[in-house]
1. Would you call Val60 modelled with pLDDT of 90 or more, closer than 23 Å to Ser125 by Cα and not polar (S, T, N, Q)?
2. Where residues in segment 1-32 are part of a loop (DSSP other than H, G, I, E, B), modelled with pLDDT under 80 and among the small types (Gly, Ala, Ser), which of them is farthest from Asp103 (Cα to Cα)?
3. Can you report the number of residues in segment 31-80 which are within 22 Å of Pro116 (Cα to Cα) and in contact with a helix residue (DSSP H, G or I) (Cβ under 8 Å, 6 or more places away or on another chain)?
4. Scan segment 75-84 and tell me whether some residue there is among the acidic types (Asp, Glu) and either at positive phi or open to solvent by less than 70 Å² (accessible area, probe 1.4 Å) (or both).
5. For Phe143, work out the one condition from (1) under 28 Å from Arg30 (Cα atoms); (2) modelled with pLDDT of 95 or more; (3) surrounded by 14 or more Cβ atoms within 10 Å (Cβ to Cβ) it doesn't fulfil.
6. Open to solvent by 20 Å² or more (accessible area, probe 1.4 Å) and within 30 Å of Ile144 (Cβ to Cβ): does that describe Pro42?
7. Can you tell me how many residues in segment 96-116 are farther than 15 Å from Pro51 by Cα and surrounded by 12 or more Cβ atoms within 10 Å (Cβ to Cβ)?
8. Taking segment 85-95, which residues are open to solvent by 20 Å² or more (accessible area, probe 1.4 Å) and at pLDDT below 95?
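The values are calculated or read from the model by the stated rules, or taken from the named source; none is laboratory data. Note that the structure is a prediction, hence the values are computed from the model and not measured. Glycine also receives a Cβ, built like all others from the backbone with ideal geometry; neighbour counts cover every protein chain displayed. What goes into the accessible areas is simple: the full protein's heavy atoms, side chains included, and nothing from ligands, DNA or RNA. Shrake-Rupley method; radii C 1.70, N 1.55, O 1.52, S 1.80 Å.
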Amino acid sequence: MPLARTCIASGVATAMLAASAVAQTAKEIRGASPYIAVENEPAPRLIVDPPVAEALAQGVFWAQYRVENLRIVQVFGEGARQVSPRIGHLHITVDDLPWWWADASDNNTVDIAGLPPGPHKVTISLVDADHNVFPDQVKTVTFIVPEHAKVIHGSHSK
């Protein structure tokens, strides 16, 4: 019986060590506290997932994203570039159109509806509070919207 207790205790200790080895701190996941200035901030980074296939089948582009070393907030202007930890937002362009929109919602998903069937391209740029693109932080997602039935929303039908 003592051998069985030793094996169980050893297994529990091993499991606890393994769990603590993969646990991440809040700072590792969320980034630096907004209460403390960060010296020598690492470069910001934009990560964009492929679009959700089920949504594309309905003419909707949903792509999740996350950023590192930057907080997405609704603060703009040259003075905001001096804030630490660094802040910014996204610029989003569809199919090389000459206009873009700013997304400072930080809801982790770009959502574009009503895309017609065929090939498309969405470009997502990570920018500072004064709309300057961070170097190498532009992601372009190309995809095809399959033929689908036109979705009519009650408030938009005639």
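1. Here the answer is yes, as Val60 does meet what is asked.
2. Ala32
3. Residues meeting the conditions: 2.
4. no
5. Phe143 satisfies all of (1) under 28 Å from Arg30 (Cα atoms); (2) modelled with pLDDT of 95 or more; (3) surrounded by 14 or more Cβ atoms within 10 Å (Cβ to Cβ) except (1).
6. So Pro42 does not fit the description; no.
7. Adding up the residues that qualify gives 6.
8. Arg86
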